[in-house]
Amino acid sequence: MFDLPLEELKGYQPKKTARPDFSDFWKSSLEALQQVEAEPTLEPYAYPAKGVKVYRLTYQSFGQSRIEGWYAVPNQTGPHPALVQFHGYNGSYDGGIHDIVNWALHGYATFGMLVRGQGGSEDKTVTSGGQALGWMTKGILSKETYYYRGVYLDAVRALEVIQSFPEVDEQRIGVIGGSQGGALAIAAAALSDIPKVVVADYPYLSNFERAVDVALEQPYLEINSYFRRNSDPEAEEKAFETLSYFDLINLAGWVNQPTLMSVGLIDKVTPPSTVFAAYNHLETEKELKVYRYFGHELIPAFQTEKLFFLQKHLLI
């Protein structure tokens, strides 16, 4: 292990960094989202599998960006339990269609949201101040224009769209995802009461101040690169102020749904301490599965845990 010992991780709960207007910011952001009509469209797609119907789903979201992804539904009489799945950072190959179909074959109407700018979905946010490498520092000097403001609101809108479909049981909707996707699952549950359950594999976007110190691999290191290019101490201070509005340690207390998480103790991308930071700030029914010999990767044993957990809460 390169991070804290496990016993220290279990008690690791860094102080929240939320600014006084944290709640007002998210209230006004959600109100701004409601000013945009969703206008969802479904385009049938001929996927080579029996027992499911597959569509390309698109909808309007924050800033008039058009968001899309794959939507798969069991080819049986509903209403069905549903899942909204969020993908990892720049990590959705072919839109994750095969994974989405697999969930539908398990009995869930499932939508896989493609994160704006990362795979098919639009990102119309205009920002200033430049950025380093990928998406982590886009608009980082302002909470109003920071990249993840739109992404978090896109996740909320995805839930609203799925809940509106007649084949979906609005009382049995869950959010799932790994890494960036795990962060979006937690953020969506914090900002919306639509999901009834949360599953997050080693969530990202947590405890930024520690992440930039201990992460050994991208993408947290994009923030470090930005500071190397912008040596003004005021820029660093402003950047961390912006990040505080999107940090899971500040949003976790708003999550009311049962939550299952995983962490690998040799994860160089989302260091264990940052995952525990989010988990230890959750104030809901929760469970964290710890995997000593795994890093930022598929953890087979957790897939079984995930299936049982979702079955317990949604397949009733």
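Find me the longest stretch of the chain that has none of the exposed GluC sites (Glu not before Pro), where exposed means in a DSSP loop (not H, G, I, E or B) with at most 16 other Cβ atoms within 10 Å. Working shown, then result.
Working: sites that count: GLU37, GLU144, GLU167, GLU217, GLU283, GLU285, GLU297.
Longest site-free region, per DSSP loop and neighbour criteria: 38-143.
Determine the order of THR41, THR270 by accessible area, beginning with the largest, at a probe radius of 1.4 Å.
Greatest to least solvent exposure: THR41, THR270.
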If R₀ is 25 angstrom, what is the calculated FRET efficiency for the pair LYS50 and ILE316, using the beta carbon separation as r and rounding to 0.05?
0.50
Could you check how much of the accessible area of the range 1-52 is carbon and sulfur, as a whole percent, using a 1.4 Å probe?
51
Given TYR55, PRO233, ALA18, which one lies farthest toward the positive end of the charge dipole of the chain, if we put +1 on the Cβ of every Lys and Arg and -1 on the Cβ of every Asp and Glu?
TYR55
Order the following by accessible area, largest value first: THR304, THR17. Probe radius 1.4 Å; ligands, DNA and RNA are ignored.
THR304, THR17
At q = 0.24 Å⁻¹, what log₁₀ I(q)/I(0) does the range 34-88 have when each alpha carbon counts as one equal point scatterer in the Debye sum?
-1.06
Output row, site GLU8, 7 Å Cα→C-beta label point, backbone N cut-off 13 Å, window the range 207-250, residues 214
List every residue whose amide H lies under 5 Å from the amide H of PHE294, counting only residues 5 or more places away in sequence or on a different chain, with H placed 1.01 Å from N in the peptide plane.
LEU265, ILE266
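What does the extension gain come out to for LYS124 and GLU241, with contour length at 0.36 nm per residue minus their alpha carbon separation? Don't skip to the answer; put the middle values down first.
Working: separation 117, 0.36 × 117 = 42.12 nm, distance 2.31 nm.
Once the chain is fully extended between LYS124 and GLU241, it gains 39.8 nm.
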Keeping all protein chains in position, work out how much accessible area ASP94 exposes to a 1.4 Å probe, and write it in Å² to the nearest 10.
120
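With every protein chain left in place, what is the accessible area per residue of the range 10-74 in square angstrom, probe 1.4 Å? Before the final figure, lay out the partial values.
Details: 3650 Å² over 65 residues.
Each residue of the range 10-74 exposes 56 Å² on average to a 1.4 Å probe.
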With each pseudo-label sitting 7 Å past Cα toward Cβ, what's the ILE266-VAL290 distance in nm, one decimal?
1.7
On a 0 to 90 degree scale, rounded to 10, what angle separates helix 147-164 from the longest Cα axis of the chain?
20
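Can you give the accessible area per residue of the range 111-258, in Å², using a 1.4 Å probe?
Numbers: 4650 Å² over 148 residues.
Result: 31 Å² of accessible area for each residue.
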At 25 °C and 0.890 mPa s, grab the translational diffusion coefficient of the range 29-138 from Stokes-Einstein with a Kirkwood Rh over Cα pairs, rounded to a whole number in µm² per second.
162
Shape box of the chain [Cα atoms, principal axes, largest first, Å]
58, 43, 33
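Give LYS27/LYS312; LYS16/LYS286; LYS268/LYS306; LYS16/LYS143 a once-over and call out the pairs whose C-alpha atoms are over 21 Å from each other. Don't skip to the answer; put the middle values down first.
Numbers: LYS27/LYS312 32 Å; LYS16/LYS286 19 Å; LYS268/LYS306 23 Å; LYS16/LYS143 17 Å.
Table pairs above 21 Å Cα-Cα are LYS27/LYS312; LYS268/LYS306.
With the full set of protein chains in place, find how many percent of the accessible area of the range 70-221 is carbon and sulfur; take the probe as 1.4 Å. Before the final figure, lay out each step's value.
Values: 2190 of 4650 Å².
That share works out to 47 percent.
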Can you bin every Cα-Cα distance in the range 181-316 into 5 Å intervals starting at zero and give me the percent of pairs per bin, rounded to whole numbers?
2, 11, 19, 21, 18, 13, 8, 4, 2, 1, 0, 0
With θ set to phi - 60° and the Karplus curve 6.51 cos²θ - 1.76 cosθ + 1.60, what are the ³J(HN,Hα) couplings of the range 241-246 in order, to the nearest whole Hz, using x for Gly and Pro?
4, 4, 4, 4, 6, 10
If you plug each phi of the range 303-316 into the Karplus form 6.51 cos²θ - 1.76 cosθ + 1.60 with θ = phi - 60°, what whole-Hz ³J(HN,Hα) values come out, in order, with x for Gly and Pro?
5, 5, 4, 4, 4, 5, 5, 5, 4, 4, 9, 10, 8, 10
Evaluated over the range 111-264, the Cα radius of gyration and Dmax, each in Å
15.9, 53
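The values are calculated or read from the model by the stated rules, or taken from the named source; none is laboratory data. This one's a predicted model, so the numbers in the text were calculated from it and none came from an experiment. Every residue, glycine among them, receives a Cβ derived from its backbone with ideal geometry; neighbour counts consider all protein chains shown. These area figures cover heavy atoms from the full protein model, side chains too; ligands, DNA and RNA do not enter into them. Shrake-Rupley method; radii C 1.70, N 1.55, O 1.52, S 1.80 Å.
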